[in-house]
Amino acid sequence: MDTDLGDPSLYAAGMPYDLFAQLRRKGPVHWNPPAQDRGGFWAVLGFEEILAVSKQSDLFSSARENGGHRIFDENEAGLAGAGDSGIGVPFISRDPPIHTQYRKFVVPALSPGRLEGIETRIAARVEALLAGVPLNEVIDILPCFTVPLPLLTLAELLGVPSDMWRDLHRWTDAFIGEDDPDFRQSPEAMQQVVGEFFGFCQALFESRRAEPTRDLASLLANSEIGGEPVPFADFVGNLVLALVGGNETTRNTLNHSMVAFAREPAQWQMIRDNPDLLPGAVKEMVRHASAVIHMRRTAMRDTELGGQAIRKGDRVVMFYPAGNRDAAAFSDPDRFDITRQVRQHVAFGAGAHVCVGSRLAEMQLRVAFGHLARHVSRFEIVSQPQRVRSAFINGFKKLEVRLVG
């Protein structure tokens, strides 16, 4: 394979869906040769093969000591490629049974009982944000709507002041933006961000250890794994995970879906005419957007996948946008169709590592587009979106739109 699927420049103009389809016609799994800054890997492009990798955590490891969950080796480059910054191991970079123990602490914080009334509060935030968004004018939708909405929800989950969403945004961009010069301007700037974030984490950790509440930060600070309290470094790592997982998928699915509705105005009119379509439509939005590009595993023994012989120690990288456009799994997969019956997609992962916040993400999307449907007759994209330079996040830095009333 000549094209390097790990090169962030490949995604600068959007997802290379034609390339994914071309490669997949030759087979669902392909060897991607080594690059200057990392080793080679097996690129998994088929839907069923992604499920197979995801559901065999004993065979395909995401543990940091085996390389972690990113294309680069976390045990060498550190979490988010931030180097030896003292950030510990997030539970996404753990295998069962330790990963499962962490989930038992986190899932209750996202349960319907714990989140009682949150849909009403999300709806209030949506209305408040939309009140500041002018109709029929060209705006960058990110800073006024799609960025703050999930971060305000995350601030509630963590039990921190809502006006911290701007800091949470800046820190998140730095952690996911290792290949974007706008987000990683210099090693010194990154160290400053890490220092700020550590200060925030230290204060939060100490306060939640001293006086636990019902929020997610308290659960992470007071969890015990194997009878031992979680160390501060791992608390920091899990907060990074919460920041990235808690807003990147929601934010960028909002953005991608606005673009899709602008291209397919009849689909938006269907939502406006029948808001009851939204629960199913949201699943199609998430599939079509595929906001996370890749997740990596490491083979723990020799095996076979998609007709390829995988050797123990090989990197195995799942490309979610490719799997979600696999014609073997989805009819006419490139078509955006809010009436599609999406039984399963892989935008939130699958198996033991499926996203713990997927239901909350879907709720925010459903509420946001439900309120938009009452105010906006159509979306117009007025300039070429500016995308994050990344092989990890399928996201935007700027999206100029006109919300037509």
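The values are calculated or read from the model by the stated rules, or taken from the named source; none is laboratory data. In this text, all values refer to a predicted model and were calculated from it rather than measured experimentally. We place every Cβ from the backbone using ideal geometry, glycine too, and count neighbours over all the protein chains shown. Note: areas computed on protein heavy atoms with side chains; ligands, DNA, RNA excluded. Shrake-Rupley method; radii C 1.70, N 1.55, O 1.52, S 1.80 Å.
Here are some notes:
- Normalised Debye scattering of the chain at q = 0.13 Å⁻¹ gives log10 I(q)/I(0) of -1.15, counting only Cα atoms as equal scatterers and leaving out solvent.
- Available extension along the chain between Asp2 and Glu76 is 24.0 nm, counting 0.36 nm per residue and deducting the alpha carbon span.
- Anisotropy class assigned to the stretch 139-196 is oblate, per the alpha carbon gyration tensor with a/c at or over the 1.5 cut-off and a/b no larger than b/c.
- Heavy atoms of Asp276 accessible to a 1.4 Å probe, total area in Å² rounded to 10: 130 Å²
- Protein-only accessible surface order, largest first, of Trp268, Trp165 at 1.4 Å: Trp165, Trp268
- Å² per residue, accessible surface of the chain at 1.4 Å: 40 Å²
- Part-to-part distance (alpha-carbon centres) for the stretch 259-274 and the stretch 320-351, which is given in Å: 19 Å
- Cα→Cβ-extended label distance, 7 Å offset, between Arg170 and Ala35, nm: 2.9 nm
- DSSP-assigned coil residues among GluC sites (Glu not before Pro) in the stretch 329-405, each with at most 10 further Cβ atoms within 10 Å: none
- CD proxy at 222 nm, helix term only [per DSSP H run n ≥ 4: -39500 (n - 2.57); per residue of the chain; nearest 500]: -13500 deg cm²/dmol
- Carbon and sulfur %, accessible surface of the chain computed with the full protein complex present, 1.4 Å: 50 percent
- The stretch 110-228: C-alpha gyration tensor shape, a/c 1.5 cut-off, then a/b vs b/c: oblate
- Peptides ranked, highest mean first, by Cβ atoms within 10 Å: ranges 244-256, 302-314: 244-256, 302-314
- Estimated FRET transfer efficiency when R0 is 30 angstrom, pair Lys104-Asp302 (beta carbons, to 0.05): 0.40
- DSSP bridge orientation in the chain - percent antiparallel, rounded to nearest 5: 90 percent
- Pairs spanning more than 30 Å between alpha-carbon atoms, out of Lys55/Lys398; Lys55/Lys397; Lys104/Lys397; Lys26/Lys312: Lys55/Lys398; Lys55/Lys397; Lys104/Lys397.
- Where a label projected 7 Å from the Cα of Asp332 along Cα→Cβ would reach, residues of the stretch 245-264 with amide N under 15 Å: 264
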